[in-house]
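Here is the structure we will look at.
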Amino acid sequence: MTDKAIASPAAPAATSHSGLGQWLRAPVPASPFHARMQQLWLQWRRLHANGSALFGLCVIVILLLAALFAPLLATHDIFEQNLAARLLAPSAEHWLGTDELGRDVYSRLLFGARITLYIALLTTVIVAPIGLIVGTTAGYLGGWVDTVLMRIVDVFLAFPNLILALAFVAALGPGIENAIIAISLASWPPIARLARAETLTIRKSDYIAAVRLQGASSLRIIFGHIMPMCIPSVVVRVTLNMAAIILTAAGLGFLGLGAQPPSPEWGTMLSSGREFVMTSWWIAAIPGTAILLTSLAFNLLGDGLRDILDPRHG
């Protein structure tokens, strides 16, 4: 009797946990919401089993939190100059050392994460819809529309991203906003080509033919039926493109065409530290390492998402 009384409080929790597990593993979903939860659960299990993708996700989450709470985590004013403390090595006072003007590298790195994520996320918000609309329209309508749009895409793809971005930002002028526009103009063509390839397969599906027979317009078919099917592939491509966007933004900042001093953008920090590589390595090595880790994290996460979101994945 005593043993049963002791064991009884834990029973409801075990039953609840078991019931949730059975609900998620049910062979037949009872509702659309149930089916969606099962799909999310399976995707999380695949992500959890992919160590490299999970590592990339953790790095990105840490970076987002560091950027969000940068004012609380920073130990010094990022613009305050102290020539008496210039080129100090990492220490208890300055965790990652100081730069050529005596500014704290750690604090500037935190606020630089904000700028890097701002450029990457805003560029993604611009290029994903443009590439998706152009690609699905060209793939579904075909004919001269497909020919014209794809020739435009080919012209953009003929140039490396950084070279094309340099040309646009040279015409627009230096600055973060102009750098975002330039990177966006150079980054949307691969997404358009991917969306077109997906659309060429989807438009032959039986359900697209059924919707067309019901009298749906081309616009409704493209936006209501084809685009949602292309979104998983576009999400994977955009995640993989994040690394290229970050590197391009850092390259523009390094050349003085992106964020302007005294902005703590990582490419700008790397540019200002290149003169002190042999004597004060941390000024250039720390922002360079941050660029490397962030780019690697997005690539690892993108590879994992490709396995998770692939409808052909078993």
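FYI, it's all coordinate maths here, none of it is from the lab. Bear in mind that the values here come from a model prediction, so they are computed numbers and not experimental data. Don't worry about glycine lacking a Cβ; one is built from the backbone with ideal geometry, like all the others, and counts go over all protein chains shown.
Label zone (residue 141, point 7 Å along Cα-to-C-beta; backbone nitrogen cut-off 15 Å) within segment 198-230: 217-223. Fewest-first ordering of 146, 104 by other beta carbons within 10 Å of each residue's beta carbon gives 146, 104. Computing FRET efficiency as 1/(1 + (r/R0)^6) for residue 79 and residue 213, where r is the C-beta to C-beta distance and R0 is 45 Å, gives about 0.10.
Assuming a viscosity of 1.002 mPa s and a temperature of 20 °C, what translational diffusion coefficient in µm² per second does Stokes-Einstein assign to segment 117-190, Rh being the Kirkwood radius over Cα pairs?
In µm²/s, the coefficient rounds to 166.
With R₀ fixed at 41 Å, the C-beta to C-beta distance from residue 72 to residue 171 puts the FRET efficiency at about 0.55. Quick check for you: which residues of segment 227-261 have the amide N under 20 Å from the point 7 Å beyond the Cα of residue 307 toward its beta carbon? Within reach of a label on residue 307, which here means backbone N under 20 Å from a point 7 Å along Cα→Cβ, segment 227-261 contributes 232-243.
Panel values: segment 51-309, Kirkwood radius from alpha carbon pairs, Stokes-Einstein at 25 °C and 0.890 mPa s, translational diffusion coefficient 123 µm²/s. Derived scalar couplings between HN and Hα for segment 121-130 equal 6, 5, 4, 5, 4, 7, 6, 4, x, 4 Hz in order, rounded to whole Hz, by the Karplus curve 6.51 cos²θ - 1.76 cosθ + 1.60 (θ = phi - 60°), x for Gly and Pro.
Couplings 3J(HN,Hα) of segment 282-293, computed from phi: 5, 5, 9, 5, 5, x, x, 5, 5, 4, 4, 5 Hz, in residue order, whole Hz [Karplus 6.51 cos²θ - 1.76 cosθ + 1.60, θ = phi - 60°; x for Gly and Pro]. With the simple model of a label 7 Å out from the Cα in the direction of the Cβ, residue 260 to residue 201 spans 4.7 nm. Residue by residue, segment 233-250 carries 3J(HN,Hα) couplings of 5, 5, 4, 4, 5, 5, 4, 5, 6, 4, 4, 5, 5, 5, 5, 5, 4, 5 Hz when phi is fed to the Karplus relation 6.51 cos²θ - 1.76 cosθ + 1.60 (θ = phi - 60°); x denotes Gly or Pro.
Add +1 for every Lys or Arg and -1 for every Asp or Glu among the other residues with Cβ under 11 Å from the Cβ of residue 119, and state the total. Local charge sum for residue 119: -1. Remark: the chain carries a charge dipole of roughly 1220 debye about the Cα centre, counting +1 on each Lys and Arg Cβ and -1 on each Asp and Glu Cβ.
The simple Förster model, with R0 at 30 Å and r as the Cβ-Cβ distance, assigns residue 275 and residue 93 a FRET efficiency of 0.80.
Remark: relative contact order (segment 162-301) = 25 percent; criterion is Cα-Cα distance under 8 angstrom and separation of 6 or more residues. Which one, 258, 241, 309, is farthest towards the positive end of the dipole of segment 213-314 when Lys and Arg carry +1 and Asp and Glu -1 on their Cβ? Farthest along the dipole direction, towards plus: 309. Fraction of C-alpha pairs exceeding 21 angstrom in segment 228-290: 36 percent, rounded to a whole number.
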